[in-house]
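S.K.: Following this message is one structure expressed as structure tokens.
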Amino acid sequence: MKWRLIPLFLCLCCLCAGCSTNSSQSPSDSASIYIQNKGSDTIVNLALAWAERYQTVRPKVRISVTGGGSGTGITSLINGTVDIANASRAIKSEEISAAEANGIEPVEHVIARDAIAVIVNPENPVSELTLDQISQIYRGAISNWQEVGGEDRPIVRLSRETNSGTHVYFLEEVVRLGNKNDKAIFSPLTLLLPSSEGIISEVRDNPNAIGYDGLGYVTSEVKVIGISSGLGKPYVMPSVETVNDKSYPIARDLYMYSKKGANQTILDYMQWILTAEAQQIVRELGFVPIVVVP
Amino acid sequence: MIEQTPRERPVNILIKAAGYSSILFVTVIFIFLMREGLPALANVKLSSLLGTVWYPIEGYFGIWPLFFGSLIVTLTAILIAIPLGVGTSLYISEIAPMWIKNLLKPLIEILAGLPSVVLGFIGIQVAVPFMRQSLNLPTGLSGLTGAILLAFIATPTIVSISEDALNTVPSAYRQAALALGATQWQTIWNITLPAARSGVITAVMLGVGRAIGETMAVMMVTGNAPVMPHGLDAIFLPVRTMTATIASEMGEVATGSPHYQVLFFIGIILFTLSLTINVIASWVSTRGRKRSERSLS
């Protein structure tokens, strides 16, 4: 019985030895430089694609990208645990003061733009809505498609969860129509889905549904609605052109925040993001580039 | 006290430590929950906590819609799972021939081991569109879809535990009933099931516990709309459960904020609920045992 344990013990020894050789290897790899990048789930795919491409530009620089939400990323920047925070909303003034209290001065970079597309099922005859109609739908004042020129069907409202930067943006700019004194909230009947994929799949399957999501997440299985900012104004579809000429009403800037006094590696990376090579990736992922891409 | 040899001592201490550690863990969890959750009562107005609107980013902390959401989904799940679970265990233990029994038992154990996120994925792809079309609902993301998935999660627990309980009924009971001229159904319904009653009730209670604490599958298919239910038809509408709320909001909440404390307060409610269920389960099973001991003496 006693002897049977010896192979197990040997295995454990090998494992431990394996661990220690592994850990002694990483310092010898010290030539590489690490950048920690964290934040918005909207940006995470874009940031990953950039980090991957940057490997071919500067092989020594390792960028680790994690999501978690805009608030999570900015909090980590304030706490000093990341070098760059991704955010799909601008930093709040109380976050800036919290950072300054920690001796960190956030530097803002607009890295891309994003259009929020309003989507319905392809079977739904409605293909144009005004901002005011969308607001009334999500407030719960309009609850049948007939009232906006569609079939006699109930409206099923879909939204991201409240911790999403996209949810907050949609609440402020669409539901409240940008009115800061408006205290309206989403109708309690609004379905709060945990992921973008959940919204796309429900809109794809359900002719009653209306949803919104970043243009980068919209697939061809759903129908994108043309939006007018007011009665009598033209209905505009979201695209790179309409976002850049500001005719599409629900578009926002996407940000990265670094610290003032960051090292040269981070500054180089932030500069590279604004090159045509990096902004080409922005377009491939369905976002809107901020510089002209050939 | 039994005398220990020196070689037994360390083993004894280890086993003792393992036994006491569970008490320690539960106590520590309880203290932590209380410390993080109870300040909610001081920092959030009671009228807000007892309100009917849950929209935490604007300071609406009404817990009622979440509480009723959990209640309505769990109750419906249990109504589906009890007949299904007890029926399956009766079939396996009393009626099925040996080879079917040997096939069904491992299959049900596999079902019990299925990760709930997998069930949720199947639910979102298959059950949600099916429910909407067959019942002509506005959306298939509803309490009923969640309840059906929960029933699937709770059933294997109920089956395996109540089947064990049915197996412990002495076969002399069945033989005596059959010898007196009872049919097989009469034997099952009037003799075997009542004799295994306490074990079957424990199985059901553990199934309830499993259902009320389940998060992932429910979060994926119930639509998570914090609607205050107004009648029995609320089961066909989207609901938001307490577990799904904690899971989806805890990630980005600032530590120590009122929202954080309210989420822990919801945790206290869940803890109390499952504690109550467990206490009832153990009370029922000990009471049942005493009665059967009485009747045998």
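S.K.: What does the convex hull of the alpha-carbon atoms of the protein assembly as shown project to on average, in nm²?
M.R.: Values: hull surface 153.7 nm².
Averaging across all directions leaves 38.4 nm² for the Cα convex hull.
S.K.: Using the count of nearby Cβ atoms within 10 Å as a rough guide to exposure, how do A:Ser88, B:Ser47 rank from fewest to most? Mind showing how you got there, number by number?
M.R.: Working: A:Ser88 23, B:Ser47 8.
Taking fewest neighbouring Cβ atoms as first place, the list is B:Ser47, A:Ser88.
S.K.: Let me ask you something else. Please report, largest first and rounded to whole Å, the three semi-axes of the ellipsoid equivalent to chain B, where each semi-axis is the square root of five times an eigenvalue of the C-alpha gyration tensor. Walk me through the intermediate numbers first.
M.R.: Values: eigenvalues 296, 169, 62 Å².
Square roots of five times the eigenvalues give 38, 29, 18 Å.
S.K.: Here is a follow-up. Ranking B:Arg287, B:Arg174 by Cβ neighbours within 10 Å, fewest first, what do you get?
M.R.: Taking fewest neighbouring Cβ atoms as first place, the list is B:Arg287, B:Arg174.
S.K.: Restricting to chain A, what percent of DSSP beta bridges are antiparallel, rounded to 5?
M.R.: 60 percent
S.K.: Points 7 angstrom from Cα along the Cβ direction at A:Ser97 and B:Trp185: gap in nanometres?
M.R.: 7.6 nm
S.K.: What number, rounded to the nearest 500 deg cm²/dmol, is the helix-based mean residue ellipticity at 222 nm of chain B, given -39500 (n - 2.57) per DSSP H run of at least four residues and division by all its residues?
M.R.: Helices in chain B give a 222 nm mean residue ellipticity of -22500 deg cm²/dmol.
S.K.: For the stretch B:82-135, compute the orientation-averaged projected area of the C-alpha convex hull (one quarter of its surface), in nm².
M.R.: 5.0 nm²
S.K.: Going by alpha carbons, how many degrees (0 to 90, nearest 10) lie between the helix axis of B:8-37 and the longest principal axis of chain B?
M.R.: So the helix axis and the longest Cα principal axis differ by about 40 degrees.
S.K.: Give, as a single signed number, the net charge of other residues whose beta carbon lies under 14 Å from the beta carbon of A:Pro249, with Lys and Arg counted +1 and Asp and Glu -1.
M.R.: Net charge in that neighbourhood comes out at -1.
S.K.: Could you state the number of Å between the C-alpha centres of the stretch B:213-288 and the stretch A:109-123?
M.R.: Cα centroid of the stretch A:109-123 versus Cα centroid of the stretch B:213-288: 33 Å apart.
S.K.: Let me ask you something else. For the stretch B:187-263, what's the relative contact order in percent, using C-alpha pairs closer than 8 Å and at least 6 residues apart? It would help to have the intermediate numbers written out before the result.
M.R.: On the way: 39 pairs, mean separation 17.7, N = 77.
In percent, rounded to a whole number, it is 23.
S.K.: Apply the Kirkwood formula to the stretch A:154-294: the hydrodynamic radius equals the inverse of the mean of 1/r over all pairs of different alpha-carbon atoms; give it in Å with one decimal.
M.R.: Every distinct Cα pair counted, the radius reaches 17.4 Å.
S.K.: Sort out for me the Cα centre separation of the stretch B:1-51 from the stretch A:72-102, rounded to whole Å.
M.R.: 36 Å
S.K.: Here's a follow-up. If you project the alpha carbons of chain A onto their three principal axes, what span does each projection cover, largest first, in Å?
M.R.: Its Cα atoms span 78, 57, 41 Å along the three principal axes.
S.K.: Please list, in order along the stretch B:88-94, the HN-Hα scalar couplings obtained from phi with the Karplus expression 6.51 cos²θ - 1.76 cosθ + 1.60 (θ = phi - 60°), rounded to whole Hz, x for Gly and Pro.
M.R.: 4, 5, 5, 4, 5, 7, 10
S.K.: Averaging the inverse of every distinct alpha carbon separation and then flipping it gives the Kirkwood radius. What is it for the stretch A:23-173, in angstrom units?
M.R.: Computed over Cα pairs of the stretch A:23-173, the Kirkwood hydrodynamic radius comes out at 18.6 Å.
S.K.: Here is a further query. Please determine, in degrees from 0 to 90 and to the nearest 10, the orientation of helix A:5-28 with respect to the longest principal axis defined by the Cα atoms of chain A, where the helix direction is its Cα long axis.
M.R.: The angle comes out at about 70 degrees.
S.K.: Please give the helix A:44-57 orientation as an angle from the longest Cα principal axis of chain A, in degrees from 0 to 90, rounded to the nearest 10.
M.R.: 50 degrees
S.K.: Taking chain A as a Gaussian network, where each spring joins two C-alpha atoms under 10 Å apart, which residue of A:Gly214, A:Gly232, A:Gly80 fluctuates the most?
M.R.: A:Gly232
S.K.: From the convex hull of the Cα coordinates of the stretch A:85-205, what is the mean projected area in square nanometres?
M.R.: Spelled out: convex hull of the Cα atoms, projected over all directions, averaged, 9.1 nm².
S.K.: Further question: Can you show me the helix-derived [θ] at 222 nm for chain A, built from DSSP H runs with n ≥ 4 at -39,500 (n - 2.57) apiece and divided by the number of residues, rounded to the nearest 500.
M.R.: Result for chain A, helices only: -11000 deg cm²/dmol.
S.K.: Continuing with the same structure: Taking only the C-alpha atoms, wrap a convex hull around the stretch A:165-224 and report its volume per residue in Å³ as a whole number.
M.R.: Numbers: hull volume 5.8 nm³, N = 60.
So the per-residue hull volume is 97 Å³.
S.K.: Still on this structure: I'd like the Kirkwood hydrodynamic radius of the stretch A:230-294, using the inverse of the mean 1/r over distinct C-alpha pairs, in Å.
M.R.: Answer for the stretch A:230-294: a Kirkwood hydrodynamic radius of 13.9 Å.
S.K.: Going by C-beta contacts inside 10 Å, put B:His259, A:His109 in order with the fewest on the left. Before the final figure, lay out each step's value.
M.R.: Numbers: B:His259 19, A:His109 16.
Sorted ascending by nearby Cβ count, the order is A:His109, B:His259.
S.K.: Would you mind computing Rg(Cα) / (2.2 N^0.38 Å) for the stretch B:142-297, counting N as its residues?
M.R.: 1.39
S.K.: What percentages make up the Cα-Cα pair-distance distribution of the stretch B:20-62 when the bins are 5 Å wide from 0?
M.R.: Pairs per bin, as whole percents: 6, 20, 18, 17, 13, 10, 9, 6, 1.
S.K.: Kindly work out what percent of the DSSP beta bridges joining two residues of the protein assembly as shown are antiparallel, to the nearest 5. Numbers along the way, then the final one.
M.R.: Values: 25 of 43 bridges.
Once the DSSP bridges in the protein assembly as shown are tallied, antiparallel ones form about 60 percent.
Throughout, read-outs are computed from the coordinates displayed, never taken from laboratory work. The model shown is predicted, which means the values in this text are computed figures rather than measured ones. Note: ideal-geometry Cβ built from the backbone for every residue, glycine included; neighbour counts use all protein chains shown.
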